[in-house]
Amino acid sequence: MQIIARVHESRRRTDGTFPLPSVVDCIRFAITEAGETLDAQIRSESNTYIRNNGRNHDPRMEWGQCGYMIVSALRSDTTDGLQGHSQPQTKTQAYCETVRSLCVALEYESEGLHHEALLNLTCAVFAWVEFCIAMGWEPDALIDETCAAFEAKHAVKVVV
């Protein structure tokens, strides 16, 4: 999958200034970003709720960061042979499957059950892609934009 290679390259580029968190923390950050996606979507659909509106809330950008952290949890030596599975049909199902898979992966990884965590992270990646498609967002382009934003902020600048 291109998104996996792209995130791993981004992580390599930012390694000196933007350290790779532990697998558990990557999963935690991915869950946080998924929540921020939902928060941003609620804000874009209604101005009824009075909440912290001090920054631009972009569901697409938040979902890109969620994907970045999911893939960051997949270490380069564990991504061989990733295979797809049946995909959720609706954006709600895809979102819920992403979060469910992340929560199960977090539980397994916290218990030291790395293989089971990897299987659930794999499911999370595929559900993340399915949500992108359901929203009309091209997954590869979204990951490219997300990686570019992280690299612009965190990559070591070489002065010539």
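Residues of the range 86-118 being under 17 Å from C26 (Cα atoms), free of Cβ contacts under 8 Å to residues at least 60 places away in the same chain, charged (D, E, K, R) and assigned to a helix (DSSP H, G or I), which ones?
Matches in the range 86-118: R100, E107, E116.
Pairs under 8 Å by beta carbon, first residue in contact (Cβ under 8 Å) with a residue 40 or more places away in the chain in the range 2-15, partner part of a helix (DSSP H, G or I) and charged (D, E, K, R), six or more apart or different chains?
From residues that are in contact (Cβ under 8 Å) with a residue 40 or more places away in the chain, the pairs are Q2/D140; I3/D140; R6/D140; R6/D144; S10/E151; R13/E151; T14/E151.
Which one of these is in contact (Cβ under 8 Å) with a residue 40 or more places away in the chain, touching a Leu at 6+ places or on another chain (Cβ under 8 Å) and either part of a helix (DSSP H, G or I) or polar (S, T, N, Q) (or both): L121, L142?
Among L121, L142, only L121 is in contact (Cβ under 8 Å) with a residue 40 or more places away in the chain, touching a Leu at 6+ places or on another chain (Cβ under 8 Å) and either part of a helix (DSSP H, G or I) or polar (S, T, N, Q) (or both).
Within the range 10-29, which residues are farther than 22 Å from D144 by Cβ and among the acidic types (D, E)?
Scanning the range 10-29 gives a single hit, D25.
Only one of these conditions is not met by E33: (1) in contact with a helix residue (DSSP H, G or I) (Cβ under 8 Å, 6 or more places away or on another chain); (2) among the acidic types (D, E); (3) modelled with pLDDT under 95. Which number is it?
That leaves (3) as the condition not met.
Right, A134: assigned to a helix (DSSP H, G or I), without any contact (Cβ under 8 Å) to a residue 60 or more places away in the chain and touching a Lys or Arg at 6+ places or on another chain (Cβ under 6 Å) or not?
yes
List every residue pair whose Cβ atoms sit under 8 Å apart, with the two residues 6 or more apart in sequence or on different chains, where the first one lies in the range 16-31 and is on the phi > 0 side of the Ramachandran plot and the second, anywhere, is at pLDDT below 95 and acidic (D, E).
Listed by first residue and then by second, the contacts come to nothing, as the list is empty.
The values are calculated or read from the model by the stated rules, or taken from the named source; none is laboratory data. Model, not experiment: these values are computed from the prediction. Cβ sites come from the backbone with ideal geometry, for glycine too, and all protein chains shown count toward neighbours.
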